[in-house]
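J.: Below: one structure in structure tokens.
The values are calculated or read from the model by the stated rules, or taken from the named source; none is laboratory data. Being a predicted model, the structure only gives us computed values, none of them experimental. Because the Cβ atoms are built from the backbone with ideal geometry, glycine has one as well, and the counts that use them run over all protein chains shown.
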Amino acid sequence: MDAVPARARVFIACAATAALLCLLPQPGVRTPWWAVVLLAGLYAGCERVARSRFAGTTHPAGTFHPVLLAGAFLLPAHAAALVAVPGALLSHVDQRPVALRRVWRTAQLALGVWVAAQAHALLGGREAVAAGDVPYALGPAGAAVLAFCLVLALLDGGILALAERVPVRRAWRGLMERSLAPIAVHGLAGLMMAVLWRSPYGPVAALLVLLPMCVSWWAFAQYHRERAAHQATIRALVQAVDIKDGYTRGHSERVGQASMMIARELGMPDERVEVLRFAGILHDVGKLGVPTRLLRKDGPLTPEERRVIELHPEYGHEMVRGIGFLGEARAAVLHHHERLDGSGYPYGLVGRQIPESARVVAVADAFDAMTSTRSYSRARPVAVALAELERCAGSQFDPVMVAALVEAVGRTGWHPAVTADDEETRPTRVPPPGAPVAGRPGAHR
């Protein structure tokens, strides 16, 4: 949403307007302002801590849904929605536009909590909480959690479809399923907070429920810190490759982007899409083990030099083998130069013997090689590159992956970048054997 389309801004404005209407007090309903202030301050404080240096990394939003859901179980709908407003408006935002993102998050949470509170009240949940009847209160609380998840999923899918032009069916795919389990746990904690709040022990006892939630949050934050450290390592490796092989600077990042486009087009879950992005980024990391004189050699390579360069997938696999969270990305690093007809390297795998992740990266790698200007070849138009991939589908590339890239590029476009320095300041190079010329897309150094 860095450059937010007009239709997405209208969607956000409509959501914000609906949220404002939800905050209006209902006639004849008393608002317990002290409870609203206490819960709103608690939620804002918890969100602040989650994004402080104590966490070690930016923690995912919505960590303290228990406080919001406790408000939905305790307060009238308009008051419960108000609990989310200060924390959401003051939350840290990493990407621009900051103000618009804060308004969007505030509207999301306010609408979600308002609908959850309405569902809970309609099913008699507030009376069950006041009576301390936990078994009976589980039903209304479960309905409130479902309503909360549904609202968030609908809004998230809508903004994804409008702001990023993701097809509607794919925009909503999996949103509800991924959020339901963690929010259900938060809902149970929120219910216990509400029951203790209404008990003789009062709000102080309710705050004790947050202690185990804070412990789990801290453990999750440490996981994210470790993941951030791995990502920093990946960035350092890619920068080292870019420095060593200046002719393809930026290539790895673009292959990661193209791999992600293919994975999304195939409907892969977000976790796997992220792994394939890493696979694309790291596919050439093995070049760190190849002598620089070969990578920068002017003129054709000898057969012996070609064999040395063809070792880079195995070098790369050794380098990333110990990074546990990469998963199948390691197989892509090793096999992205295999071909369906068995004429690739390093092992000459055939067809489905080649891991799916490697088949994705192979198409992304060849596409960027053909659409990028280098010192020994001019960039081809995107349409020409896609046509060449389609021509080689079935022999060199997986037709499914090629079709997915063609569909994704046709919908969102592709903007190739120059990866070599100004040609006037570089010596003229002869295309090396296997450079991306007609008939052999992507078989580059």
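J.: Within segment 1-15, take every residue that is surrounded by fewer than 18 Cβ atoms within 10 Å (Cβ to Cβ) and not β-branched (V, I, T) and give me the one that is modelled with the lowest pLDDT.
T.: Going through the qualifying residues, I end up with D2.
J.: Does S216 fit the bill of being among the small types (G, A, S), closer than 30 Å to A130 by Cβ, at pLDDT below 85 and more than 21 Å from the chain's Cα centre (by Cα)?
T.: Considered against the rule, which asks whether it is among the small types (G, A, S), closer than 30 Å to A130 by Cβ, at pLDDT below 85 and more than 21 Å from the chain's Cα centre (by Cα), S216 comes out as yes.
J.: Would you confirm whether or not segment 124-139 contains a residue that is under 27 Å from P269 (Cβ atoms) and not small (G, A, S)?
T.: Within segment 124-139 (the criterion being under 27 Å from P269 (Cβ atoms) and not small (G, A, S)), the answer is no, since none of the residues qualifies.
J.: Taking the conditions exactly as written (assigned to a loop (DSSP other than H, G, I, E, B), under 30 Å from the mean Cα position of the chain (by Cα) and either surrounded by 15 or more Cβ atoms within 10 Å (Cβ to Cβ) or at pLDDT 90 or above (or both)), does P436 satisfy them or not?
T.: In short, no.
J.: Given E314, E338, which one is among the acidic types (D, E) and either in a loop (DSSP other than H, G, I, E, B) or crowded, with 18+ Cβ neighbours inside 10 Å (or both)?
T.: Of the residues listed, the single one that is among the acidic types (D, E) and either in a loop (DSSP other than H, G, I, E, B) or crowded, with 18+ Cβ neighbours inside 10 Å (or both) is E338.
J.: Assuming V308 fulfils every condition listed in (1) within 23 Å of R227 (Cβ to Cβ); (2) among the aliphatic types (A, V, I, L, M); (3) in a helix (DSSP H, G or I) apart from one, which condition is it?
T.: The failed condition is (1).
J.: Select the helices (runs of 4 or more DSSP H) contained entirely in segment 102-179, then report the ones holding at least 1 residues which are touching a residue at least 40 places away in the same chain (Cβ under 8 Å) and within 18 Å of the chain's Cα centre (by Cα).
T.: 134-163, 168-172
J.: Next question. Restricting attention to segment 145-181, which residues are touching a Gly at 6+ places or on another chain (Cβ under 7 Å), β-branched (V, I, T) and modelled with pLDDT under 80?
T.: Selection gives nothing.
J.: From L276, L294, which residue is over 23 Å from the mean Cα position of the chain (by Cα) and either surrounded by 18 or more Cβ atoms within 10 Å (Cβ to Cβ) or of a type outside the set (S, T, N, Q) (or both)?
T.: Just one listed residue meets the conditions, L294.
J.: Can you list residue pairs whose Cβ atoms sit under 9 Å apart, with the first residue in segment 349-374 being within 9 Å of A332 (Cα to Cα) and the second being polar (S, T, N, Q) and assigned to a helix (DSSP H, G or I)? Count only pairs 6 or more apart in sequence or on different chains.
T.: Final answer for the pair search is S357/S259; V360/S259; V361/S259.
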